[in-house]
Every structure is written in C-alpha cells, then in structure tokens.
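Here's the structure we're looking at; comments come further down.
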C-alpha cells in the first residue's frame with residue numbers, strides 16, 4: 001500500500017506541475033498582455049510601463065518561476081481589476097462554491113444510488129424504466145433552463161424561495177436542485193450497471209444459496225463491489241463542482257469560483273484567472289488521488305497490482 005501511495009503522489013505532483021505550466025502559458029498565447037491591459041490608445045511608453053508594473057517584461061520562464069514560487073507560499077499576486085490579493089478573492093469565493101458542491105452532490109447521491117440499486121434489482125421492470133427515464137431527463141435539461149424555470153415558479157410566481165443571494169440555506173435550495181439533477185444520471189447509471197454485473201456473479205448466488213436475507217446480500221455484499229466506479233465518478237464530479245459552475249452561480253448571483261473565473265475572463269484579469277485554473281486543477285488532482293486510495297482500500301486487487 002505504501003508503494004502504491006508513493007506512486008500516486010508522484011504522479012499527482014507531476015500532473016500538477018504540468019497543468020500549472022499549461023495554465024500559465026495558454027494565457028500568454030492570446031497576444032501581448034501588456035498592450036491589452038494598457039488599452040487600444042496606449043503609447044509604446046505606456047505599454048512598457050504596464051509590462052514593467054506586472055512583470056511582463058521578464059522572460060516567460062522567470063515569470064512562471066516567480067508565480068509558482070509565490071503560489072507555494074499562498075502569494076498569487078494581485079488582481080488587475082480590483083488590486084486585491086488574489087488569495088483573498090479565492091478565499092472569499094471557495095466557501096460559497098464548496099457549500100453548493102457539497103449540497104448538490106449529497107442530494108444527487110441520496111437520490112441516484114438508491115435508484116440505481118432498485119433499477120438493478122428489478123431489471124427490465126417499470127421501476128427500471130422509470131429510473132432510466134429520470135436519468136435521461138436529468139441529462140437532457142440544460143442547467144440554465146432549469147435554473148430559470150425554478151426561479152420563475154418558486155421565486156417569482158409562488159414566492160417560496162429567494163431568487164438570489166447566499167446569506168441562508170434557503171438561497172441554496174434552487175441552485176442545489178439545479179446542479180443535483182445534472183449529477184444524478186451518471187451516478188445512477190453507474191450504480192445500476194455495477195449492481196447488475198455483481199448480482200450475476202457466483203459469490204452472490206452462493207450467498208443466496210446459503211439463505212442470507214436479500215437485503216444483506218444486496219447492501220453488504222453486492223453494493224461493496226458495485227460502488228467502486230461510483231466512488232471514482234463521485235470524486236471527479238465533486239472536483240468539477242468545486243471548480244465552480246459558472247452558469248448556475250451567475251443565474252443565482254452566487255459569488256463563487258465559477259463566477260470569479262467568468263468575471264476574470266471578461267476583465268482580462270489574468271492573475272485571478274490563472275490562479276483559479278490552478279486551484280481547480282489541484283482540487284481535481286487531489287480528489288482523484290483520494291478516489292484511487294479509497295478504491296485501493298475497498299479492493300485489495302488494486303493494491304496488489
């Protein structure tokens with residue numbers, strides 16, 4: 001297990017460094033950042049002053065080294081638009097996105113896993129078909145449309161829920177439902193597929209032959225092995241949600257990571273944008289590593305391989 005952990009950590013660090021280089025480099029492929037920041041009517045002297053002020057006159061490898069070294073200590077530079085520390089901007093946005101991600105993923109799992117189990121146990125029945133219809137429905141509806149419909153019905157017409165803000169849990173009800181419906185299909189289908197495969201295996205037939213209760217066989221023996229791919233996709237989905245859902249956060253006026261990234265693109269605020277990309281990448285990589293370790297703990301064959 002120790003060798004497996006060291007190997008995965010090495011890969012995670014290598015991927016993080018690679019992603020940071022790509023994120024840093026891509027933002028500089030769009031042209032002369034100093035000229036864009038200075039404006040269309042800027043003179044050569046003004047462009048040179050802007051380049052010097054933001055360190056854009058130095059070689060790219062020195063710019064990257066300075067930024068990467070600062071990132072290791074929490075110094076991500078300052079926003080060009082607001083002149084605030086980028087770390088402070090991320091620190092203010094992360095709690096909102098994290099709360100939304102946890103609530104949406106929890107709701108999706110609570111609904112999707114039981115539906116997947118029911119669909120597998122009662123395969124090719126009305127319950128199975130209804131679950132698949134719900135999965136298709138959840139995957140087909142765009143987030144922005146569902147969010148707007150929820151606002152019109154529950155926020156404007158019925159006035160049951162607030163349509164914007166992030167002060168209370170009520171503000172997160174509609175965004176949570178909007179995102180949860182999009183996370184539900186994949187988790188439900190993976191649970192169903194995994195359960196169907198496991199329920200047809202010999203050791204499950206042996207468990208039934210021994211007279212074990214169906215609930216114990218399904219929940220204790222079958223689900224343990226069927227849940228492995230679900231753990232992986234759940235971690236990846238959680239990383240995606242922590243990266244911020246731009247459309248949902250914008251519709252419901254939630255000041256999260258997705259909203260900050262969107263604003264940074266509009267404002268050409270490259271210190272904020274490259275830091276958001278790096279943060280999201282680190283979250284993805286960290287959760288993927290955690291997923292690998294959980295799967296290795298659940299399935300000894302992974303550790304041995």
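What follows draws every value from the coordinates through simple rules; no lab data is involved. Predicted model, so just to flag it, every value in this text is computed and none were measured. All Cβ positions, even for glycine, are placed from backbone atoms using ideal geometry, and neighbour counts span all protein chains on display.
In this simple spin-label model, placing a label point 7 Å from the Cα along the Cα-to-Cβ direction at both residue 216 and residue 73 gives a separation of 6.1 nm. Segment 190-252 and segment 80-155 have Cα centres separated by 17 Å.
Full extension of the chain between residue 3 and residue 122 yields a length gain of 38.7 nm, computed as 0.36 nm times the residue separation minus the alpha carbon distance.
Between residue 203 and residue 63, the contour length at 0.36 nm per residue exceeds the Cα-Cα span by 44.6 nm. At 37 °C and 0.692 mPa s, what whole-number value in µm²/s does Stokes-Einstein give for the translational diffusion of segment 86-304, with Rh from the Kirkwood sum over Cα pairs? Reported coefficient: 172 µm²/s.
Cβ-to-Cβ counts within 10 Å put 89, 62, 196 in ascending order as 62, 196, 89, the fewest first.
Listed by Cβ neighbour count within 10 Å, with the fewest neighbours leading, 192, 205 appear as 205, 192. With both labels modelled 7 Å from their Cα along Cα-to-Cβ, the residue 231 to residue 160 distance reads 3.7 nm. Projecting the alpha carbon convex hull of segment 98-182 along each direction and taking the average yields 6.1 nm². Label-to-label distance, residue 81 versus residue 253, with points set 7 angstrom from Cα along the beta-carbon direction: 1.7 nm.
By the count of neighbouring beta-carbon atoms within 10 Å, fewest first, 287, 27, 100 end up ordered 27, 287, 100. One decimal place: the segment residue 21-residue 265 gains 86.0 nm when fully extended, by the rule 0.36 nm per residue minus the C-alpha distance. In the chain, the longest principal axis of the Cα atoms and the axis of helix 228-242 are about 30 degrees apart.
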